[in-house]
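Reading through the structure tokens given below for one structure.
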Amino acid sequence: MTENHEHEPGRRTFRTGPAKILKWVAGILGGMLLFLFIASFFLDEPLRRITEKKLNSSLKDYTVRLPSVHLQLIGLSVTVKDATIIQKAHPEPAIAFLPVLSASVHWREILSGKLVAEIAFDQPRLNIDLPQLRTEAASKTPLGKRGWQQAIQAVYPLKINRIRVSDASITYIDQDPKRPLRLTHLNFQAGNIRNIHLPDKVYPSDFHLDTTIFGTGHGSIDGRANFLAEPYLGLKGNFKLEKIPVDYFKPILARSNIRIEGGALTCTGNAEYAPTITKAHIEALEIQGLKADYVHSAGTAAKEHQRAKTGKKAAKEVSNKPGMVLRIDRLRLSESTFGMVNEEAKVPYRLFLEEAEVRLNNLSNHFSEGPADAQLRGKFMGSGATHATAKFRPEKNGPDLDLYLKIDNTRLKSLNNLLRTYGNFDVSAGEFSLVTELHVKNNVVSGYIKPFFRDMKVYDRRQDKEKGAFRKMYEMLVGGVAKLLKNKPREEVATKAEIAGPLENPKTSSWQLVVELVKNAFFKAILPTFEREVSGAKSKGTKD
């Protein structure tokens, strides 16, 4: 007989099914999560004070303010809001404002057996002005010892393996607050910073950056990196710049006596920066519509001399330097104007080349890369058709170059301020042409410069009616000498100066040397011709 206790009075039976167990577990976990969520808020203020104190004890020359820090125990994340970073020497404006900084465990790498962090910055703003930049540059404390790494670990103790920056802006104010240099909508991301994957690769980490430049331009970099390289990180990538407005650099270039207007830059290339090599390879660079003047004045002479010395030293240091490769495949300047202004002269003058087209190929600091060649076309003083070609070889034993220059039919009246300064006269009509050939090798220069003056008219009663009697006599005398020098069939005044001998300063760079040779030849071979002939005519007149 089978016993059946199913309905036996006073006896209870407990059945524990899987659904009931899951409810218990869910209830316990939910309670724990609720507890952790509530506990997170009670920890926020103590955590904020501790973190801010650690940050400021780690950093040198800077102060950090943290209005809000939230620890989320669920997910082990930290969120910092409205943080500001201030330079102690120049507290206004704040160097950086961080609306939201989030740090958490990089859960994906847990599968790789690594406990690391990922960090994100949303809409950070960096603001730097010239005094702050100068203070930073003058600091004797190396960047690696400023405490920034310790500061980041004070916010989140795990080492960063992934970083993301979204919609950032960087503003630099030089001397003119109305013309800041600004990068906007900047996005940056980098992964595998701790070299968890591909550790045997030279550059195991990938990164990407893109940004809007000065409102209308755009720039991007894609590459790879080794953030753990010693003694500093290594980077290698391709870059692209499009439609960058050049005149935003006006305040910076003004400190080098360069005045600019307009201009748009486009550039593509690649670069590598690492402990063993520095490489910049520009595949193509184009600047269109630039107007630039180099301005010389009495007040800037000392600085110009110092810059020239610094430039010579820098050129010598990078020429054929192992581990440093600088190269431009193609450079083009189009629809541009370049000038030189002398404000120190007795009569200030400006020499310029209008509608300039410049092409430069294969420029490098290494002899093994071969020679560079350049072509230039334009209108000297707005009227003289100009054509120049040059070949530059890397400076193995000093400047090494060939230069050919031809200027045709420049209106002489456009040179009157120059003639008044160096020849003490002016003209009312005529044309100027020039042919020159220069060669520099082994610290020796050779060549010639041959100017032509055609149909020159020095004295004009209508133009010169306000001038004094002695001035009119002098200009009539110059005009008479010009007539005596004329080659009758061509109605030209012509002279030729041979150039030969050792360089006065063999340490001068090739580019500086070209400017000096042309300038000296122009002033020493052309204008003194008039002075000599006028002096001779005066002497002859006295004897007679």
- Give a residue-ordered list of calculated ³J(HN,Hα) values for segment 324-336 (Karplus: 6.51 cos²θ - 1.76 cosθ + 1.60, θ = phi - 60°; whole Hz; x for Gly, Pro). 10, 10, 10, 8, 10, 6, 9, 10, 9, 10, 10, 6, 10
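Going by accessible area, probe 1.4 Å, with all protein chains left in place, what is the ranking of T171, T79, largest first? Please list the in-between numbers first.
Working: T171 15, T79 35 Å².
The residues order as T79, T171, largest area first.
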- Note on the structure: In whole Hz, the Karplus estimates of ³J(HN,Hα) for segment 113-124 (6.51, -1.76, 1.60; θ = phi - 60°; x where Gly or Pro) are x, 10, 9, 9, 10, 10, 9, 9, 10, 10, 6, x
- Per the rule of 0.36 nm per residue minus the C-alpha distance, extending H70 to E242 adds in nm 57.8 nm
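By accessible area of protein heavy atoms, probe 1.4 Å, what ranking do I252, I85 get, highest first? Before the final figure, lay out each step's value.
On the way: I252 55, I85 30 Å².
From most exposed to least exposed: I252, I85.
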- Query: If packing is taken as the mean number of other Cβ atoms within 10 Å per residue, what is the order of 231-237, 436-442, highest first?
  - Reply: 436-442, 231-237
- Task: Could you pull the accessible area for M381 with a 1.4 Å probe, rounded to 10 Å²?
- Result: 10 Å²
- Task: Multiply the residue separation of R164 and K201 by 0.36 nm, subtract the distance between their alpha-carbon atoms, and state the gained length in nm to one decimal.
- Result: 11.1 nm
- Query: Near the amide H of R411, under 5 Å away, which other amide H atoms are found, from residues 5 or more places off or on another chain, if H is placed in the peptide plane?
  - Reply: S383, G384, F432
- Task: Using a 1.4 Å probe and ignoring any ligands, DNA or RNA, find the accessible area of L209 and quote it in Å² to the nearest 10.
- Result: 40 Å²
- Query: What list of ³J(HN,Hα) couplings, whole Hz, do you get for segment 340-354 from phi and the Karplus terms 6.51, -1.76, 1.60, once you set θ to phi - 60° and write x for glycine and proline?
  - Reply: 10, 10, 10, 8, 8, 5, 3, 10, x, 9, 9, 9, 8, 10, 9
- What FRET efficiency, computed as 1/(1 + (r/R0)^6) with R0 = 45 Å and r the Cβ-Cβ distance, is obtained for H218 and A298, rounded to the nearest 0.05? 0.60
- Once the piece of chain linking A500 and D176 is laid out straight, how much longer is it, given 0.36 nm per residue of separation minus the C-alpha distance between them? 111.9 nm
- Task: Report the accessible area of T276, computed with a 1.4 Å probe over the heavy atoms of all protein chains in place, in Å² rounded to the nearest 10.
- Result: 120 Å²
- With each label point set 7 Å from Cα along the Cα-Cβ vector, what nm distance links I86 and N56? 0.9 nm
- Tell me which residues come under 5 Å, amide H to amide H, from D174 once H is placed; ignore anything under 5 positions away on its chain. L181
- Between their Cα atoms, which of K291/K450; K114/K279; K178/K243; K53/K178; K88/K303; K291/K413 are more than 26 Å away from each other? K291/K450; K114/K279; K53/K178; K88/K303
- Item | Point-to-point label distance, S446-A429, nm (Cα→Cβ direction, 7 Å offset) | 4.3 nm
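Which FRET efficiency value, to the nearest 0.05, do you get for R49 and S256 by plugging their Cβ-Cβ distance into 1/(1 + (r/R0)^6) with R0 = 56 Å?
Working: r = 48 Å, r/R0 = 0.86.
Efficiency, rounded to the nearest 0.05: 0.70.
Can you give me the relative contact order of segment 212-284 as a percent, contacts being Cα pairs under 8 Å and 6 or more apart?
Once normalised by length, the contact order is 29 percent.
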- Message: Taking amide H atoms as placed 1.01 Å from N in the peptide plane, list the residues 5 or more away in sequence, or in a different chain, whose amide H sits under 5 Å from that of D373.
- Response: N361, F392
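The values are calculated or read from the model by the stated rules, or taken from the named source; none is laboratory data. Computed from a prediction, not measured in an experiment: that's the story for all the values here. Every residue, glycine as well, gets a Cβ built from its backbone with ideal geometry; the counts of neighbours run over all protein chains shown. Accessible surface is based on the protein model in full, side chains and every heavy atom, while ligands, DNA and RNA are left aside. Shrake-Rupley method; radii C 1.70, N 1.55, O 1.52, S 1.80 Å.
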